[in-house]
Amino acid sequence: MPDTFLKDPASTLDYVFDWSDWLEEDESISSFVITVPTGITLGTGIRAPVEDEGRITYWLSGGTKGSSYTIQCTVTSDAAVGPRIDNRKMIIKVLDR
């Protein structure tokens, strides 16, 4: 079951997908893709998604009060035995807070 977080429609907040425990020693994330549904906005510019030591931080703004959004992140690693690919999701519920 994906983790669920609450967000006010007027807020701009950062969230994290954490693969640091999943990665093997000497393995890192070589690429990642974050998929965000229509109605909520993924950050760009200084708020663009960034990876650091297996943690992918991304920013969301907007959203419609009473709606839930499933955010998906897919990573590819640089494992020596060949790239490993993993997918995780989180749910953002937009409420007036």
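Coordinate-derived values only; no laboratory data. Since this is a predicted model, take the numbers as computed values, not measurements. Note that each Cβ is placed from the backbone with ideal geometry, even for glycine, and that neighbours are counted across all protein chains shown.
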Check on Thr41, out of contact with any Ser or Thr (no Cβ under 7 Å at 6 or more places or on another chain), within 25 Å of Asp96 (Cα to Cα) and not in a loop (DSSP other than H, G, I, E, B): no
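So that you can scan it fast, the table gives a plain yes or no per residue for (1) touching a Leu at 6+ places or on another chain (Cβ under 9 Å); (2) among the aliphatic types (A, V, I, L, M); (3) within 15 Å of Ala10 (Cα to Cα); (4) in a strand (DSSP E or B):
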position: Thr57; (1), (2), (3), (4): no, no, no, yes
position: Leu60; (1), (2), (3), (4): yes, yes, yes, yes
position: Thr64; (1), (2), (3), (4): no, no, yes, no
position: Tyr69; (1), (2), (3), (4): yes, no, no, yes
position: Thr76; (1), (2), (3), (4): no, no, no, yes
position: Ala80; (1), (2), (3), (4): no, yes, no, no
position: Arg88; (1), (2), (3), (4): no, no, no, yes
position: Ile92; (1), (2), (3), (4): yes, yes, yes, yes
Output the residues belonging to region 37-80 that are among the hydrophobic types (A, V, I, L, M, F, W, C) and surrounded by fewer than 18 Cβ atoms within 10 Å (Cβ to Cβ). Leu42, Ile46, Ala48, Val50, Ala79, Ala80
